[in-house]
Amino acid sequence: MFDNLSDKLDKAFHILKGHGKITDVNVADTLKEVRRALLDADVNFKIAKDFTTRVRDKAIGENVLTTLQPGQLMVKIVKDELTELMGGDAAGINLSGTPTVILMSGLQGSGKTTFSGKLANYLKTKKNKKPLLVACDIYRPAAINQLHVVGGQIGVEVYSEEGNRNPVEIAQNAIKHAKANGFNVVIVDTAGRLAVDEEMMNEIANVHKAIEPQETLFVVDAMTGQDAVNTAKAFNDRLDFDGVILTKLDGDTRGGAAITIKSVVNKPIKFVGTGEKMEAIDVFYPARMAERILG
Ligand code: GDP
């Protein structure tokens, strides 16, 4: 994961680690390399620039040049700043409400249906919950079937209504069904489109308003880089969602979305998807991710 970025940052710190006597020129060169590594990883220019400015100020504040191991101290400063940039502490998921209602949003192909299954499986096996999955994609019968297949794999019931063209009604009926049958989490999978469009946004905004979810999660494909960040912004402007799910982190992503999404929408990444299997879900810990990136 993020091998390219890790390699580049490692090279950047090489400048400091190898030298007996460190000068402010070495530090400036290192920061320039760090900035370049971030830009190459598809981090937006302003965020990368602000990042290195903060690192430089901290390095000056902590007198990096006079310490015994300036290289190590610089790595630590960068790691701390990277952790902050990605959200600081792990965010957790709000499981209040009887039942807890979780609304999934995102573009088609982002991994919404797969993640709905993963989350249901996680809540069932790790949190001892009884989840219900709800198919609210009224346009694609294949999407409804896919959710039924996923539900079958993990032993979780799937609620769908054949022929009903009203996602608000389906979601409301599903919640009634959950209450009547002892389900304590309802995960509503919605229809996505290939790009942000008004109709999709209106539809999900209507569902959101009608069911008042405890958690509205926005699912996005990490491989889409800066597009992921722009899509997040569009959904957040409309839904004011609670958290981000970054999928396909197992792929060849450069890492820009993971690093910048929090600072653009000011919402935490809550989980990441790391594969197609139902078990390929991880809680997102910013510090662990920073550790992974910096090695
Ligand atoms: P949806 O249209 O948003 O519901 O997206 P899907 O859940 O159907 O996912 C689209 C494709 O991405 C499917 O082929 C999934 O198997 C795949 N996918 C989903 N999550 C991940 C992930 O974390 N890693 C990888 N490698 N593939 C994933």
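The values are calculated or read from the model by the stated rules, or taken from the named source; none is laboratory data. Since the structure is predicted, the reported quantities are computational estimates derived from the model, not experimental observations. We place every Cβ from the backbone using ideal geometry, glycine too, and count neighbours over all the protein chains shown. With ligands, DNA and RNA removed, areas are computed over all heavy atoms of the protein, side chains included. Shrake-Rupley method; radii C 1.70, N 1.55, O 1.52, S 1.80 Å.
Brief remarks follow.
- 5 Å-binned pair-distance histogram of the range 203-295 (Cα, whole percent): 3, 14, 24, 24, 18, 11, 4, 1, 0, 0
- For the listed peptides 99-111, 230-242, a ranking on the average number of other beta carbons within 10 Å per residue, highest first, reads 99-111, 230-242.
- With the whole protein complex present, Val43 retains an accessible surface near 10 Å², based on a 1.4 Å probe.
- Long-range Cα-Cα pairs in the range 1-62 (distance over 13 Å), rounded percent: 62
- Judged by the ratio a/c of the largest to the smallest principal axis of the C-alpha gyration tensor, the range 102-179 counts as oblate, that ratio being 1.5 or greater while a/b is no larger than b/c.
- Rolling a 1.4 Å probe over the protein heavy atoms gives the range 1-99 an accessible area of 55 Å² per residue.
- Here the 3J(HN,Hα) profile of the range 147-159, calculated from phi with Karplus coefficients 6.51, -1.76 and 1.60 at θ = phi - 60°, is 5, 5, 5, 4, x, x, 4, 9, x, 10, 5, 10, 9 Hz, Gly and Pro shown as x.
- Where Cα atoms sit under 15 Å apart: lysine pairs in the range 1-47 separated by 8 or more or lying on different chains: 4
- When both the range 200-229 and the range 14-83 are represented by their alpha-carbon centers, they are found 36 Å apart.
- In the range 17-90, the trypsin sites (Lys or Arg not before Pro) that fall in loop regions by DSSP, at most 13 other Cβ within 10 Å: Lys21
- Loop-located GluC sites (Glu not before Pro) in the range 1-87 (DSSP state other than H, G, I, E, B) with a sparse environment of at most 16 neighbouring Cβ atoms within 10 Å: Glu62.
- Annotation note: GluC sites (Glu not before Pro) in the range 139-218 located in DSSP loop regions with a Cβ neighbour count of at most 11 within 10 Å are Glu162.
- Relative packing of peptides 134-143, 205-214 - highest average C-beta neighbours within 10 Å first: 134-143, 205-214
- For the chain, the equivalent ellipsoid built from the Cα gyration tensor has semi-axes of 42, 17, 15 Å, listed from largest to smallest.
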